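Accompanying notes for the structure given below.
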Amino acid sequence: MIGNDIVDLVLARKESNWQRKGFLNKIFSCKEQLLIESASSPEIMVWNLWTRKEAAYKIYNRQTGKRGFFPLRLECNYINDCSGSVSCDGFEYYTQTQIFNDFIYTIAVTKKQYFNKILKLNFQSKITKVHGLPFIFDEVDLIYKPASITHHGCFWEGITLFNF
């Protein structure tokens, strides 16, 4: 399975005050807060970790059917700015993050080999939602495949897996 998340950094700077009292304590573990505090750009680290948690949450929600706001249960295991994993309730999700000037984008997968099977979708892709979850119809295999969609500000990304 896959999940993804994107943060428009320009919009995040306008709309979010991540430095306000209590914000980091509600979203990030002590270990994650140390990463933020020691980062050369704490703001970028906040959104890097946030996108990882959100991308992993999308898989967790699809696997378990559990919805809610529980970012502290999603623990980032940080390797470097571009890779790591997120664990939640005994599940582990592997992440790859890309950092650009205007946005941060993360993809999460349940198996590392799925990183080689990601197919990017476009706006013309026929995405269907079933119980609020996105799927795309594979016209070759004639089945619906799980998809993940994210958007924030000026940015949109959709992905699915092929040959998995």
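The values are calculated or read from the model by the stated rules, or taken from the named source; none is laboratory data. None of the values given here were measured: they were computed from a predicted structure. Cβ: placed from backbone, ideal geometry, glycine included. Neighbour counts: every protein chain shown. These accessible areas exclude ligands, DNA and RNA; they are computed on the full protein's heavy atoms, side chains included. Shrake-Rupley method; radii C 1.70, N 1.55, O 1.52, S 1.80 Å.
Kirkwood Rh over alpha-carbon pairs of the stretch 103-164, then Stokes-Einstein at 25 °C and 0.890 mPa s: what D in µm² s⁻¹, rounded to an integer?
This corresponds to a translational diffusion coefficient of 196 µm²/s.
Report the Rg/Rh value for the chain, based on alpha-carbon coordinates and the Kirkwood definition of Rh.
Expressed as Rg/Rh, it is 0.97.
Do any trypsin sites (Lys or Arg not before Pro) in the stretch 107-164 lie in a DSSP loop with no more than 14 other beta carbon atoms within 10 Å, and if so, which?
Taking the stretch 107-164 and a limit of 14 other Cβ atoms within 10 Å, the loop trypsin sites (Lys or Arg not before Pro) found are Lys111, Lys126.
Taking the solvent-accessible surface of protein heavy atoms with a 1.4 Å probe, what is the per residue accessible area of the stretch 17-140 in Å²?
For the stretch 17-140, the solvent-accessible area averages 58 Å² per residue.
Pick from Lys145, Lys58, Lys66: which residue has the top mean-square fluctuation in a GNM of the chain where Cα pairs under 10 Å get a spring?
Per the Cα network of the chain with a 10 Å cutoff, Lys66 tops the list.
Pick out, in residue order, every one of the chymotrypsin sites (Phe, Trp or Tyr not before Pro) in the stretch 36-121 that is DSSP loop and has at most 11 other C-beta atoms within 10 Å; say none if there are none.
Of the chymotrypsin sites (Phe, Trp or Tyr not before Pro), the ones in loops of the stretch 36-121 whose Cβ has at most 11 other Cβ atoms within 10 Å are Phe69, Phe100.
Which of the GluC sites (Glu not before Pro) found in the stretch 1-109 are loop residues per DSSP with 14 or fewer other Cβ atoms within 10 Å of their Cβ?
Passing sites in the stretch 1-109 do not exist.
Show that you can apply the helix-only estimate: for the chain, add -39,500 (n - 2.57) for every DSSP H stretch of four or more residues, divide by all residues, and state [θ] at 222 nm to the nearest 500.
-8000 deg cm²/dmol
So, with +1 on the Cβ of K and R and -1 on the Cβ of D and E, and no other charges, what is the size of the charge dipole of the chain about its Cα centre, to the nearest 20 debye?
Result for the chain is approximately 400 debye, rounded to the nearest 20.
Give me the percent of accessible area attributable to carbon and sulfur for the chain, probe 1.4 angstrom.
Here carbon and sulfur together make up 54 percent of the probe-accessible area.
What number results when the radius of gyration of the stretch 78-139, computed over Cα atoms, is divided by 2.2 N^0.38 Å?
Normalised Rg, Cα atoms only: 1.34.
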